[in-house]
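Note sheet for the following structure.
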Number of protein chains: 2
Amino acid sequence: MIAYAQNGHTDKFGIPRQSRDESPILTRIVFTPEYRVQEALRGIEDFSHLWLLWGFSEVENRQSTIEGDWSPTVRPPRLGGNKRMGVFATRSPFRPNPIGLTSVRLLKVADGDLIVSGADLMDGTPIYDVKPYLSYSDSHPEAKCGFADEHKADRLAVIGERGDVPETVWRDIVYILEQDPRPAYQDDPEREYKMDYAGYCVTFSVDGPTLRVRCIEKT
Amino acid sequence: MIAYAQNGHTDKFGIPRQSRDESPILTRIVFTPEYRVQEALRGIEDFSHLWLLWGFSEVENRQSTIEGDWSPTVRPPRLGGNKRMGVFATRSPFRPNPIGLTSVRLLKVADGDLIVSGADLMDGTPIYDVKPYLSYSDSHPEAKCGFADEHKADRLAVIGERGDVPETVWRDIVYILEQDPRPAYQDDPEREYKMDYAGYCVTFSVDGPTLRVRCIEKT
């Protein structure tokens, strides 16, 4: 571990399933004392995007990834949670070596830390490595993405009142809710979900393509 | 380790510095017995590209990456080997957690292994994880790549006779030599270099933009 993520995602619920370039959500990459060395970032501001290698620290025990105890197949939430795919054909956290891979946009270097957007990381996630994104070897815009292609445009319409919530926090919450953070594809319009983000608890329900924010309050 | 790479790069010398989509060089990802499970690859053929996370097993001791003994700056070969950059602004193997990241093109699944092209891996490299490439989150064709942009089009003209070398091996060798495998940017037209690839030893020299294959023989 060289650093950890610091952001509003204090709750696993609501973390985007993949990074997205258009995400407004900011994450601070806070280096640990040993790796908080200004020289180690020399030249990094010339890159617009970075890779983070990180640890799936919140992987649940019921699907342990301790060596010798892994499952060859997993159920991706994008497929409704009821179809099994090979673990190496998914980005599931339940894998033999639970290392996550995320590209983020670098916004700036601040006091020896990195401010990035687009991360799909929970607050406190351990980070093992930061690498520059090299478009000539890392970018394949025409890559065929199997089952992941089919659902990528799904978005919910979010209805609700901002109230006293700061504008940037509300913007983040709306962005998260649009992605449909419900586990798998549950479809009960009466059901209420709760999500913590940046010090607020959001209660919402989903009816078809519409997500209604029922309540939002300080935690 | 879940697998290892098997290809013609039996010599560190000549391994491309990054993966390239157009590379003709084939690598077989050979799963270890425990992870050689057909089910774990279910659905993977629907993806055109994959990520490999792997270990820099050939990192030299003189720049050890054992924790507590890392250098905040490195000298990227693209900058001639004499300019220092922050380690997190480079893809150098000499980093706190020496995990490599490479995107490859998936050609096929063969007998429980993966046949890929474009890898910048040495024969025998340990592989920790295989993930599908998701273009909607991994691809940023417009990403700004700092110093790495400046030199990306450098190519040498390769002159030489194929002789008895099989056509596919010769094609690979020419591709490797075009990338200029010399350490840093040495510039002595008299100097002879040797590279082992796929059972052949290639001797060559470089004069300006031209690389001449002096000799190629079975090892």
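Please treat every number below as a calculation from the coordinates, not as lab data. As the structure is a computational prediction, the values presented were derived from the model and not from experiment. Neighbour counts run over all protein chains shown; Cβ positions are idealised from the backbone, glycine included.
Against the 2.2 N^0.38 Å scaling, with N counting residues, where does segment B:151-218 land? I'd like the Cα-based Rg ratio to two decimal places. Mind showing how you got there, number by number?
Working: Rg = 11.4 Å, N = 68, 2.2 N^0.38 = 10.9 Å.
Computed over Cα atoms of segment B:151-218, the ratio equals 1.05.
Can you list the HN-Hα couplings for segment A:154-170, worked out from phi with the Karplus curve (6.51, -1.76, 1.60; θ = phi - 60°), rounded to whole Hz and with x for Gly and Pro?
These are the phi-based 3J(HN,Hα) values: 4, 9, 9, 8, 9, 10, x, 9, 5, x, 8, 5, x, 4, 5, 5, 4 Hz.
If the label for B:T203 sits 7 angstrom from Cα along the Cα-to-Cβ line, what are its distances to the same label in every other copy, in nm to one decimal, shortest first?
Label-point distances to the other copies, shortest first: 8.2 nm.
Could you pull out every residue, at least 5 positions away or on a different chain, whose amide H is within less than 5 Å of the one on B:D207? Hs are placed 1.01 Å off N in the peptide plane, and Pro or chain starts have none.
Amide H neighbours of B:D207, under 5 Å, 5+ apart: B:R212.
Distances from A:E167 to the same residue in each other copy, label points 7 Å out along Cα→Cβ, in nm, shortest first?
6.5
Normalised by the number of residues in chain A, what is the relative contact order in percent for Cα pairs under 8 Å and 6+ residues apart? Could you put the intermediate results ahead of the total?
Values: 411 pairs, mean separation 61.7, N = 219.
Relative contact order for chain A comes out at 28 percent.
What is the pair-distance distribution P(r) of the protein assembly as shown, computed from all Cα-Cα distances in 10 Å bins starting at 0, with each bin given as a whole percent?
That works out to 4, 20, 29, 25, 14, 6, 2, 0, in percent per bin.
If contacts are Cα pairs under 8 angstrom and at least 6 residues apart, what is the relative contact order of segment A:135-219 in percent? Working shown, then result.
Numbers: 95 pairs, mean separation 22.9, N = 85.
Normalised by residue count, the contact order of segment A:135-219 is 27 percent.
Taking 56 Å as R0, compute the FRET efficiency from the Cβ-Cβ separation of A:E167 and B:R36 and round it to 0.05.
Details: r = 53 Å, r/R0 = 0.94.
Taking R0 as 56 Å, the efficiency between A:E167 and B:R36 is 0.60.
Neighbour counts of other C-beta atoms within 10 Å: give me A:L101, B:L79 arranged from fewest to most. Please list the in-between numbers first.
Numbers: A:L101 21, B:L79 18.
Starting with the residue having the fewest Cβ neighbours, the order is B:L79, A:L101.
Which whole number gives the average, over all residues in B:45-55, of C-beta atoms from other chains lying within 10 Å of the residue C-beta?
Working: counts 4, 8, 9, 6, 5, 3, 4, 0, 6, 0, 0.
Mean number of neighbouring Cβ atoms from other chains: 4.
With θ set to phi - 60°, apply the Karplus curve 6.51 cos²θ - 1.76 cosθ + 1.60 along segment A:135-140 and write out the HN-Hα couplings as whole Hz, x wherever there is a Gly or Pro.
The phi angles translate into 4, 5, 10, 9, 9, 9 Hz.
For B:K12, list the lysines whose Cα falls under 17 Å from its own Cα; do not include residues on the same chain fewer than 8 positions away.
Filter leaves B:K194.
Rounded, prolate or oblate: pick one for chain A, where a ≥ b ≥ c are the square roots of the eigenvalues of its C-alpha gyration tensor, a/c under 1.5 means rounded, and failing that, prolate if a/b is larger than b/c, else oblate.
Oblate, since a/c reaches 1.5 and b/c is not below a/b.
From the label point of B:G112, set 7 Å along Cα to the beta carbon, how far off in nm is each other copy's matching point, shortest first?
Those label-point separations list as 5.0 nm.
If packing is taken as the mean number of other Cβ atoms within 10 Å per residue, what is the order of A:203-211, B:170-178, B:113-121, highest first?
Numbers: A:203-211: 15.8, B:170-178: 19.9, B:113-121: 23.2.
Per-residue Cβ counts within 10 Å, averaged per peptide and sorted highest first, yield B:113-121, B:170-178, A:203-211.
Enumerate the calculated ³J(HN,Hα) couplings along segment A:191-201 in order (Karplus 6.51 cos²θ - 1.76 cosθ + 1.60, θ = phi - 60°), each rounded to whole Hz, writing x wherever the residue is Gly or Pro.
Per residue, the Karplus-derived 3J(HN,Hα) values read 6, 9, 10, 10, 9, 9, 8, 6, x, 10, 10 Hz.
From the helices alone, meaning DSSP H stretches of at least four residues, give me the mean residue ellipticity at 222 nm for the protein assembly as shown, per-run term -39500 (n - 2.57), in deg cm²/dmol to the nearest 500. Don't jump to the answer; show the numbers that get you there.
On the way: 6 runs with 42 residues, N = 438.
Counting only the DSSP helices, I get -2500 deg cm²/dmol.
Per residue of B:101-114, what is the mean number of Cβ atoms on other protein chains within 10 angstrom of that residue's Cβ? Could you put the intermediate results ahead of the total?
On the way: counts 9, 2, 6, 0, 2, 2, 0, 0, 1, 0, 0, 0, 0, 1.
So the per-residue partner count for this stretch is 2.
Compute the relative contact order of segment A:99-141 as a whole-number percentage, counting only Cα pairs closer than 8 Å that sit 6 or more residues apart in sequence. Please list the in-between numbers first.
Working: 24 pairs, mean separation 11.9, N = 43.
Answer for segment A:99-141 is 28 percent.
Which shape class applies to segment A:113-180: rounded if a/c is under 1.5, otherwise prolate when a/b exceeds b/c and oblate if not, where a ≥ b ≥ c are the square roots of the Cα gyration tensor eigenvalues?
Values: a/c = 2.64, a/b = 1.32, b/c = 2.00.
Oblate shape, in that a/c is at least 1.5 and b/c is the bigger or equal ratio.
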